[in-house]
Amino acid sequence: MREQANIAIDLADVILFMTDIRQGVTASDMEIATMLRHAQKPIILVCNKSDKFGEPPAEIYEFYNLGIGEPHAISTANAIGIGDLLDEIYDKLPPKSETEEDNEKIKVAIIGKPNVGKSSLLNRILGEERSIVSDVAGTTRDAIDSEYTNQFGEYVLIDTAGLRKKSKVNESIEKFSIMRTLLAIDRADVCLVLIDATEGVTDQDAKILGEAHERGKGIILVVNKWDEIEKDEKTMKEFEKNIYNKISYATYAPILFISAKTGQRVQKLFELINQVNSQNALRVSTSVVNEVINEAISVVQPPSDKGKRLKIFYGTQASTRPPTFVIFVNNKELFHFSYQRYLMNCFRNNFGLQGTPVRLIIREKNKKDASSI
Ligand SMILES: Nc1nc2c(ncn2[C@@H]2O[C@H](COP(=O)(O)OP(=O)(O)OP(=O)(O)O)[C@@H](O)[C@H]2O)c(=O)[nH]1
Ligand SMILES: [Mg+2]
């Protein structure tokens with residue numbers, strides 16, 4: 001429990017220290033308070049179960065003894081004091097600039113199942129033993145940030161804990177490792193999804209890739225331990241084919257074959273990272289989006305159903321990371337998946353968009369609305 005609490009403290013921007021006003025200050029409250037005093041994070045002391053409206057009960061004064069500051073009386077059951085608590089949390093959140101200071105640096109998360117060589121890759125890049133490497137699966141527990149600059153740019157490289165199969169995760173410590181890895185993916189601009197060349201793409205690899213894909217990250221598939229493979233001139237192509245067969249929804253992701261052990265092609269990663277990062281952040285003007293839509297429509301007629309034909313009025317890019325396009329149509333139902341995929345491919349072919357997921361949001365608009373735009 002203590003270990004879990006420590007991990008949670010590390011991850012947090014603000015800590016709510018929750019106590020029970022009906023029990024008064026307990027021995028474990030005292031212990032937690034001691035832990036928190038070392039945390040150097042903003043802490044808000046909360047006395048729950050203060051169920052009556054009006055002035056906080058006299059019992060609250062005892063909580064000053066914890067040395068955490070002013071206690072806040074709330075009742076979660078009766079929804080008392082929650083708004084004030086939220087205000088307090090808001091005040092204590094770090095300013096935005098602090099969390100975005102590394103904006104020019106490309107954040108790269110190295111993810112993959114245990115033992116695939118994530119830490120080895122990081123060490124190879126940095127040229128030092130920053131992360132512990134061993135053949136014991138689950139060596140890395142933490143997400144470790146390292147800043148790195150080379151001729152290609154400035155990066156923050158994040159080594160992560162290997163994501164295991166759910167069925168094998170029983171300790172809560174491991175759940176926190178997983179949480180840290182997922183948070184690292186959230187923070188990243190580009191994810192390097194490592195695949196073990198000696199095993200090919202496994203279900204677990206596909207799941208990990210799915211986490212990055214769903215979060216809209218730039219993705220590079222990195223096949224590691226390439227030194228272990230006996231190969232001829234066809235091996236790489238066959239490998240590529242097998243990978244894309246297994247993960248057909250992410251064929252946009254480029255594949256690089258490397259060896260963290262020998263350093264083969266590791267330097268090539270950075271050009272790819274830069275490309276994928278800029279594609280993930282790409283912005284396309286509305287006029288260009290509509291040129292592509294119009295051309296797409298003229299080449300392949302939109303589908304129709306029971307005499308009704310899909311009409312695409314116009315589209316616009318709503319956001320980046322990943323590129324997300326809103327498409328206004330007469331009737332959503334008619335916009336079949338296959339035609340969405342077709343349009344998505346037209347976007348990809350025209351704009352590039354290699355290495356990044358692309359999202360379409362379909363909105364209905366009646367004709368009258370549409371013509372007024
Ligand atoms: N042959 C070969 N072995 C490698 C390569 N990269 C890593 N290994 C070996 O694979 C094992 C696991 O390497 P790690 O770097 O610890 O793997 P990890 O993905 O960080 O593992 P966890 O932190 O446990 O998730 C070690 O024995 C490495 O020496 C490679 O390119 N080729
Ligand atoms: Mg590791």
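The values are calculated or read from the model by the stated rules, or taken from the named source; none is laboratory data. Just so you know, these numbers come straight off a predicted model, no measurement behind them. Positions of Cβ are backbone-derived with ideal geometry, glycine not excepted, and every protein chain shown enters the neighbour counts.
Some values worked out for this structure:
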| item | result |
| --- | --- |
| Filter result for residue 214 (of a type in the set (Asp, Glu) and either closer than 25 Å to residue 360 by Cβ or not assigned by TED's automatic domain parsing to the domain that holds residue 253 (or both)) | yes |
| Residue ID - nearest to residue 284 (Cα to Cα), chosen from residues in the range 339-366 that are of a type in the set (S, T, N, Q) and in contact (Cβ under 8 Å) with a residue 24 or more places away in the chain | 350 |
| Test: residue in the range 24-45 that is crowded, with 17+ Cβ neighbours inside 10 Å, part of a loop (DSSP other than H, G, I, E, B) and in contact with a strand residue (DSSP E or B) (Cβ under 6 Å, 6 or more places away or on another chain) | no |
| Subset of the range 118-143 [near ligand 1 (Cβ under 6 Å from one of its atoms) and surrounded by 12 or more Cβ atoms within 10 Å (Cβ to Cβ)] | 118, 119, 120, 133, 137, 138, 139, 140 |
| Residue satisfying all of: in the range 310-347; under 16 Å from residue 300 (Cα atoms) and of a type in the set (D, E, K, R); surrounded by the fewest Cβ atoms within 10 Å (Cβ to Cβ) among these | 341 |
| Criterion: without any contact (Cβ under 8 Å) to a residue 12 or more places away in the chain, in the same structural domain as residue 87 (by TED's automatic domain parsing), farther than 24 Å from residue 91 by Cβ and not basic (Lys, Arg) - qualifying residue of 40, 23 | 23 |
| Helices (runs of 4 or more DSSP H) completely within the range 272-373 that count 1 or more residues being modelled with pLDDT under 95 | 337-351, 367-371 |
| Cross-chain or 6+ apart pairs with Cβ under 9 Å, the range 146-175 first and within 17 Å of residue 131 (Cα to Cα), then away from ligand 1 (no atom under 14 Å from the Cβ) and at pLDDT below 75 | 147/102; 156/102 |
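For (1) on the phi > 0 side of the Ramachandran plot; (2) loosely packed, with under 12 Cβ neighbours inside 10 Å; (3) modelled with pLDDT under 90; (4) not assigned by TED's automatic domain parsing to the domain that holds residue 21, each residue gets a yes or a no:
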position: 57; (1), (2), (3), (4): no, no, yes, no
position: 62; (1), (2), (3), (4): no, no, no, no
position: 66; (1), (2), (3), (4): no, no, no, no
position: 72; (1), (2), (3), (4): no, no, no, no
position: 77; (1), (2), (3), (4): no, yes, no, no
position: 81; (1), (2), (3), (4): yes, no, no, no
position: 86; (1), (2), (3), (4): no, yes, no, no
position: 92; (1), (2), (3), (4): no, no, no, no
